[in-house]
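The values are calculated or read from the model by the stated rules, or taken from the named source; none is laboratory data. This one's a predicted model, so the numbers in the text were calculated from it and none came from an experiment. When we count neighbours, we look across all protein chains shown, and the Cβ atoms used for this are built from the backbone with ideal geometry, even at glycine.
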């Protein structure tokens, strides 16, 4: 099973994402969750390696953009990074982050369950 770290401060969205992945790809992914970027970075360092990082952008303590920058700066290997946000992609400067040889995808909220799974495959 591929291990995914889901970082989301909104409990409802976190639970729904876990349910989506668990129902649509039950034997494909193992899910670890974190409530913010700071906790997510700690889990990456202590519980890795991870196949993918799925992170909300707007969170307390360390937002998703800061988390992704830390992952890149520390050269933590990940096959996929998915940033979920209600903001526009232009505001997040994803293109600049993609130049670091990571596959980073931006996904607006809301999204379909099938879209989330396709971003992870």
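Just for the stretch 55-87: of the residues that are touching a residue at least 40 places away in the same chain (Cβ under 8 Å) and touching a helix residue (DSSP H, G or I) at 6+ places or on another chain (Cβ under 7 Å), which one is surrounded by the most Cβ atoms within 10 Å (Cβ to Cβ)? Going through the qualifying residues, I end up with 67.
Of all the criteria given as (1) assigned to a helix (DSSP H, G or I); (2) touching a residue at least 24 places away in the same chain (Cβ under 8 Å), the one not satisfied by residue 6 is (1). Screening residue 47 on (1) over 12 Å from the mean Cα position of the chain (by Cα); (2) within 15 Å of residue 4 (Cβ to Cβ); (3) modelled with pLDDT of 95 or more; (4) surrounded by 13 or more Cβ atoms within 10 Å (Cβ to Cβ) shows it passes everything except condition (4). Considering only residues that are under 16 Å from residue 120 (Cα atoms) and free of Cβ contacts under 8 Å to residues at least 60 places away in the same chain, look in the stretch 29-44 and name the one that is surrounded by the fewest Cβ atoms within 10 Å (Cβ to Cβ). Only one residue fits best here, namely 30. Would you check if there is a residue in the stretch 16-24 being assigned to a loop (DSSP other than H, G, I, E, B), touching a strand residue (DSSP E or B) at 6+ places or on another chain (Cβ under 9 Å), closer than 24 Å to residue 118 by Cβ and touching a residue at least 40 places away in the same chain (Cβ under 8 Å)? Within the stretch 16-24, none of the residues are assigned to a loop (DSSP other than H, G, I, E, B), touching a strand residue (DSSP E or B) at 6+ places or on another chain (Cβ under 9 Å), closer than 24 Å to residue 118 by Cβ and touching a residue at least 40 places away in the same chain (Cβ under 8 Å). Of all residues in the stretch 88-121, exactly one satisfies the criterion of being exposed (fewer than 14 other Cβ atoms within 10 Å of the Cβ), closer than 21 Å to residue 48 by Cα and at pLDDT 90 or above, namely 121.
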